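Participant: My questions all concern the structure below.
The values are calculated or read from the model by the stated rules, or taken from the named source; none is laboratory data. Everything numeric in this text was worked out from a predicted model, so none of it was measured. Because the Cβ atoms are built from the backbone with ideal geometry, glycine has one as well, and the counts that use them run over all protein chains shown.
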Ligand code: SAH
Ligand code: SF4
């Protein structure tokens, strides 16, 4: 079976070239043509021998997706639906810039997926309802970026792993993708302009710190203590609160990169004065900013039990929560709900059609 060339690191491509009797230096030429030249077929690589071009065609696929569909929101958000070669499907979301200052106005952020589905089944998340299908390959992760740039004819400036799946449970492929995307010679995305969002896979947060990948880390905290967190996120049973916080402290000590806490506000559950007190204490242990996320309801997945009782906190409550955090000296922001009308907001990526199929 043909391999996907973008799954290879440059060292692996060099090894392949040596195995077919070619010099190592051609790996750089080929990488350059794929990621900078954006060739459509291996035949377009004019600076390598014809026989090698032919060999690449025989041994490798260049693109990961069978098809791409888009959906446009009235607020400028675009959702991309990619069909993978095994028939699975994933989504990425191009988020319009929310800022007005010069420096940030040209920001173009793509929210990418790391897995088809997700095994962790957080009570509030539509992706979790799809269950886990499989890890995405590095090629499938990088191709989300390349396909969106090709279609929109604009370069992306920021990447967030906040689409479908838990990136730290697909560590090796995410790492390869990050290495390709931040390779200085390819100039795809600048270092630290990639954010990995995790639901809290403690051992992999430690590994991320040790590997010193050039990314930023966001932790989906959502509760300032173990018991409530466990109700919201069953994976907290395995990766317990205290050890998790220790792991982000370790991450900061090693990388000197501040962490973001993601915090969805649920009415009457985690939006109380005592939650502010606990959250403020935590945010002082590690240099952190807190992103307050409005809860995007996922009625289309027909939640039951605890999940069915989850309600979004009101706008006024979110503002109050933010002000109280600021009073306590905690940097805090309120995230918008870009793409709500096309189910492209945080946590809504679940391919509505697939949810309907599962429930039939
Ligand atoms: N698995 C990773 C990354 C994908 S989820 C993680 O959990 O961090 C990306 C973000 O969307 C997370 O912060 C997640 O908590 C949030 N999210 C999930 N469902 C949501 C919903 N219904 N409303 C608002 N945010 C949601
Ligand atoms: Fe998976 Fe993240 Fe959704 Fe939880 S919030 S189910 S970890 S994608």
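Participant: Please tell me if residue 119 is under 22 Å from residue 3 (Cα atoms) and surrounded by fewer than 20 Cβ atoms within 10 Å (Cβ to Cβ).
Facilitator: Details: under 22 Å from residue 3 (Cα atoms): no; surrounded by fewer than 20 Cβ atoms within 10 Å (Cβ to Cβ): yes.
Spelling it out, it is not the case that residue 119 is under 22 Å from residue 3 (Cα atoms) and surrounded by fewer than 20 Cβ atoms within 10 Å (Cβ to Cβ).
Participant: Do you know which residues across the range 188-207 are within 15 Å of the chain's Cα centre (by Cα) and either closer than 30 Å to residue 32 by Cα or part of a strand (DSSP E or B) (or both)?
Facilitator: Across the range 188-207, the qualifying residues are 189, 192, 193, 194, 195, 196, 197, 198.
Participant: For the range 40-54, which positions are within 34 Å of the chain's Cα centre (by Cα) and in a helix (DSSP H, G or I)?
Facilitator: To start, the set of residues in the range 40-54 that are within 34 Å of the chain's Cα centre (by Cα) comprises 40-45, 53.
Scanning the range 40-54 gives 42, 43, 44, 53.
Participant: On to the next question. I'd like to check something: does the range 97-110 contain any residue that is outside any loop (DSSP other than H, G, I, E, B) and modelled with pLDDT of 90 or more? Steps first, please.
Facilitator: So in the range 97-110, the residues outside any loop (DSSP other than H, G, I, E, B) come out as 102-105, 109-110.
Retained after the next criterion (residues that are modelled with pLDDT of 90 or more): 109-110.
Yes, because at least one residue in the range 97-110 is outside any loop (DSSP other than H, G, I, E, B) and modelled with pLDDT of 90 or more.
Participant: Let me ask another. Quick one: residue 228 ticks every box in (1) over 20 Å from the mean Cα position of the chain (by Cα); (2) within 13 Å of ligand 1 (Cβ to nearest atom) except a single one, so which number is it?
Facilitator: Of the numbered conditions (1) over 20 Å from the mean Cα position of the chain (by Cα); (2) within 13 Å of ligand 1 (Cβ to nearest atom), the odd one out for residue 228 is (2).
Participant: Residues that are touching a residue at least 12 places away in the same chain (Cβ under 8 Å) and in contact with a strand residue (DSSP E or B) (Cβ under 8 Å, 6 or more places away or on another chain): find the helices (runs of 4 or more DSSP H) completely inside the range 260-332 holding 3 or more of those.
Facilitator: Values: elements: 273-285, 305-308, 315-327.
Those helices (runs of 4 or more DSSP H) span 273-285, 315-327.
Participant: Let me ask another. Those residues that are over 27 Å from residue 117 (Cα atoms) and touching a strand residue (DSSP E or B) at 6+ places or on another chain (Cβ under 7 Å), I need them from the range 35-94; list them, please. Don't jump to the end; show me each part of the working.
Facilitator: The first filter runs over the range 35-94 and keeps only residues over 27 Å from residue 117 (Cα atoms), leaving 35-59.
Within the range 35-94, 59 is the sole residue that qualifies.
Participant: Can you pull out the residues in the range 131-150 that are touching a strand residue (DSSP E or B) at 6+ places or on another chain (Cβ under 7 Å) and either buried (at least 24 other Cβ atoms within 10 Å of the Cβ) or within 24 Å of residue 180 (Cα to Cα) (or both)? It would help to see each step written out before you state the result.
Facilitator: Keep residues of the range 131-150 that are touching a strand residue (DSSP E or B) at 6+ places or on another chain (Cβ under 7 Å), which gives 131-137, 139-140, 143-145, 147-148.
Those that are touching a strand residue (DSSP E or B) at 6+ places or on another chain (Cβ under 7 Å) and either buried (at least 24 other Cβ atoms within 10 Å of the Cβ) or within 24 Å of residue 180 (Cα to Cα) (or both): 134, 135, 136, 137, 139, 140, 143, 144, 145, 147, 148.
Residues are listed down the side, and each one gets a yes or a no for (1) assigned to a loop (DSSP other than H, G, I, E, B); (2) within 22 Å of residue 72 (Cβ to Cβ); (3) within 13 Å of ligand 2 (Cβ to nearest atom):
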residue: 83; (1), (2), (3): no, yes, no
residue: 90; (1), (2), (3): no, yes, yes
residue: 119; (1), (2), (3): yes, no, yes
residue: 133; (1), (2), (3): no, no, yes
residue: 171; (1), (2), (3): no, no, no
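Participant: How many residues are touching a helix residue (DSSP H, G or I) at 6+ places or on another chain (Cβ under 6 Å) and crowded, with 18+ Cβ neighbours inside 10 Å if we restrict to the range 32-47?
Facilitator: Selection size over the range 32-47: 2.
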